[in-house]
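The values are calculated or read from the model by the stated rules, or taken from the named source; none is laboratory data. Computed from a prediction, not measured in an experiment: that's the story for all the values here. So basically every Cβ, Gly included, is an ideal-geometry build from the backbone, and we count neighbours across all protein chains shown.
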Amino acid sequence: MKKLTWLLSAVLFVAACSPQVYPLHLGVRQPSESGLTLVGKTASIVYMDGNNQVDSLFDRQVASALARALEADYFNGQEVIGLSRIASPDSVGTDLMHNLVMETGGDVIFLLNSSLGALDMQANKPVSGATSVDSAYVAVATMPVQTHLYVYDSMDKDEVKLHKGKAILKLNVFNSGITSEDGLKTLAMAQVPDYAEEVGDRISRRFLSTWSNESFSFYYFEDYSSESWFTPLQHAADEEYAKAIDGWALMVKEGSSIKRACACFNIAQTFFLMGDYKLSARWLDEAEKLENLSQAPALRKRLVVRLEK
């Protein structure tokens, strides 16, 4: 937690009724490695029915792991990403994605299909220092997995992007040493869904936000209302942006024109930090309608760059 230090030199001190500026170095959310961002959007993950029950269970668990990772990054861990499944389509294109947007209500659709390869069972070998008869031997099995993840963002270009991935599952099958080969394969297949979370986490990395550290300026006042300004500023320093906005929102319709403008500006700055550039621009417009603020041009320049992408 960053602790704000309020140090004002005699040279910089101004009248209590005038706004003062406090700089903060904060993390700025950037688009993911794939170029996708879920800020201000809803999302749904759809997985295809596999060739067998194991394939379908595996894909459901991969989808669940992907949803959890995205929810942790974009939605503060709230369970807001819906999961559903469909029969494997003949082809994947924009028409299918349009239908999924309508059916699921998601602005962004992730359509997942995994293909589990043949199980390669290696020799059953004794375990050194085994403490149980049932785990006195271990057979190592490997299984290749290919994933196809189709991504459609209805708020961006009308196109479907395909992300492919490969992995090799390594399964350690502990047994008593008298289990048949078919029995070992059955035990190995039962472990396959347990590895789905690792695959889901690996897939998610290309869609999680990237971050940069930049300097931002916020307005505050040192008068009878100082606590009302410092509290949301502390929330911003702690990157608790929703709380910061709630604090400044209380001052948007009260007080002098300059105070209302500064509150609007602080909200605009905070929405920028949250990655919601359209809302940031709207609040900056409101601030500039009220007053000509010295910090507004810098934020406007940042917004122009982001909104042009």
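List of remarks:
- The set of residues from the stretch 207-218 being modelled with pLDDT under 95 and either over 13 Å from the mean Cα position of the chain (by Cα) or part of a helix (DSSP H, G or I) (or both) comprises S212, N213, E214, S215, F216, S217.
- Given (1) within 22 Å of L26 (Cβ to Cβ); (2) touching a helix residue (DSSP H, G or I) at 6+ places or on another chain (Cβ under 9 Å); (3) outside any loop (DSSP other than H, G, I, E, B), number of the condition S204 does not satisfy: (1)
- Comparison of T142, T131, T147 shows that the only residue that is of a type in the set (V, I, T), at pLDDT below 90 and either farther than 26 Å from L36 by Cβ or part of a strand (DSSP E or B) (or both) is T131.
- A single entry from E214, E240, E222 fulfils the requirement of being touching a residue at least 12 places away in the same chain (Cβ under 8 Å), farther than 15 Å from Q30 by Cα and of a type outside the set (F, W, Y): E222.
- Cβ pairs under 6 Å, 6+ apart, first in the stretch 163-189 and assigned to a loop (DSSP other than H, G, I, E, B), second not small (G, A, S): S176/V133; S176/D134; G177/Y137
- Out of S280, S180, S176, S257, sole residue that is of a type in the set (S, T, N, Q), surrounded by fewer than 18 Cβ atoms within 10 Å (Cβ to Cβ) and closer than 24 Å to P19 by Cβ: S257
- As for the stretch 26-48, it holds at least one residue that is β-branched (V, I, T), surrounded by 15 or more Cβ atoms within 10 Å (Cβ to Cβ) and modelled with pLDDT under 85.
- Enumeration of residues in the stretch 87-104 that are modelled with pLDDT of 95 or more and out of contact with any Gly (no Cβ under 7 Å at 6 or more places or on another chain): V92, G93, T94, D95, L96, M97, H98, N99, L100, V101, M102, E103
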